[in-house]
1. Show the residues, 5+ positions off or on another chain, whose built amide H is closer than 5 Å to the amide H of L229.
2. Using the Karplus curve 6.51 cos²θ - 1.76 cosθ + 1.60 with θ = phi - 60°, work out ³J(HN,Hα) for each residue of the range 126-138 in order, rounded to whole Hz, and write x for Gly and Pro.
3. By what distance, in whole Å, do the Cα atoms of the range 91-222 stretch along each of the three principal axes, largest value first?
4. Just to be sure I understand the curve: with the Debye formula and one point per C-alpha of the range 49-116, what is log10 I(q)/I(0) at q = 0.18, 0.19, 0.28 Å⁻¹?
5. Per 0.36 nm of contour for each residue apart, how much would the distance between E84 and K224 grow if the chain were fully extended, relative to their Cα-Cα spacing?
6. With +1 on each Lys and Arg Cβ and -1 on each Asp and Glu Cβ, how big is the dipole of the chain about its Cα centre, in debye rounded to the nearest 20?
7. Mean residue ellipticity at 222 nm from the helices of the chain, using -39,500 (n - 2.57) per DSSP H segment of n ≥ 4 over the full residue count, to the nearest 500 deg cm²/dmol?
8. Which entries in the list K176/K212; K212/K252; K59/K109 go over 25 Å, if you measure between the two C-alpha atoms of each?
Amino acid sequence: MIIEKKKISLPDPDFVESLNSPQKQAVKSTEGLLLVLSGAGTGKTKVLTTRLANLIYKKLAKTTEILAVTFTNKAALEMKFRVEKILNIPVEGMYIGTFHSIGVRFLRKHADLVNLKSDFTILDIDDQLRLIKQVISSIDLDPKTYVPKNFLYMIDQAKNLGLFPNEVNNHEFEIKTEGKFGQIYNLYQKRIRNFNSVDFGDLITLPIKLMKENSDILEFYQQKFKYVLVDEYQDTNGAQYMLLRLLTGKRKNI
């Protein structure tokens, strides 16, 4: 005789019961797509951290199976602190951080797959500008006509859209610069990589490239992250959205 084990449903903990009705609905709707719209002072962060804590409490996911993304390091630390306080357990293994800090974790682990070493450096604005100036000089362009700061801005905008140098042929920047943007963007990327470096835009676009070109890596992270939570979702740019789409492609628990 086969005896089926019944799945035990844990009662809602006190930290969920203390929420108001709309907040409870957001926290307890665990499966599938969920968008929470809220104004200032309505407990948005409380809902996000309580939802995260509830997923762990109800054993729907381990701490290492949840990805929580926010836009500032301060907000990420606050989320960690609140979850630890609610559950009274450390969450060091959890992927809580900004898009850029999560991108760094991906790239440190899989650096060789995007032509980097794991000890790569992240360039600041001054370093980026210096490289752009070198690139413009190397192809004998007048920096007064082809202003380095303008090209740095254009490259950053392209990366925000998830566009690589070979994907800007018909972009307005390429047209406005009479075909020079793609060339400068391409040389800039090669020079950055020669220094085993990345800029902040690369911290999003390179993980996208990594996932798209390595189906086994994509499969690993899609299976790993059972739930994805995004703070201030309305502020995500094109590249960040693409990365989220890749990571949540199967489960769609975002």
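The values are calculated or read from the model by the stated rules, or taken from the named source; none is laboratory data. A quick note: this is a predicted structure, and the numbers were derived from the prediction, not measured. Heads up, the Cβs are rebuilt from the backbone with ideal geometry, glycines too, and the neighbour counts pull from every protein chain shown. Just so you know, the surface numbers come from the protein's heavy atoms only, side chains and all, with ligands and any DNA or RNA stripped out. Shrake-Rupley method; radii C 1.70, N 1.55, O 1.52, S 1.80 Å.
1. L67, A68, V69
2. 4, 5, 4, 5, 4, 5, 4, 4, 5, 5, 4, 5, 5
3. On the principal axes, the range 91-222 reaches 51, 28, 23 Å in Cα extent.
4. For the range 49-116, the Cα-only Debye profile gives -0.68, -0.73, -1.23.
5. Working: separation 140, 0.36 × 140 = 50.40 nm, distance 2.11 nm.
Additional length available on full extension: 48.3 nm.
6. With only Lys, Arg, Asp and Glu charged at Cβ, the dipole is about 860 debye.
7. My calculation for the chain gives -15500 deg cm²/dmol from helical runs alone.
8. Cα-Cα > 25 Å for K176/K212; K59/K109; rest within.
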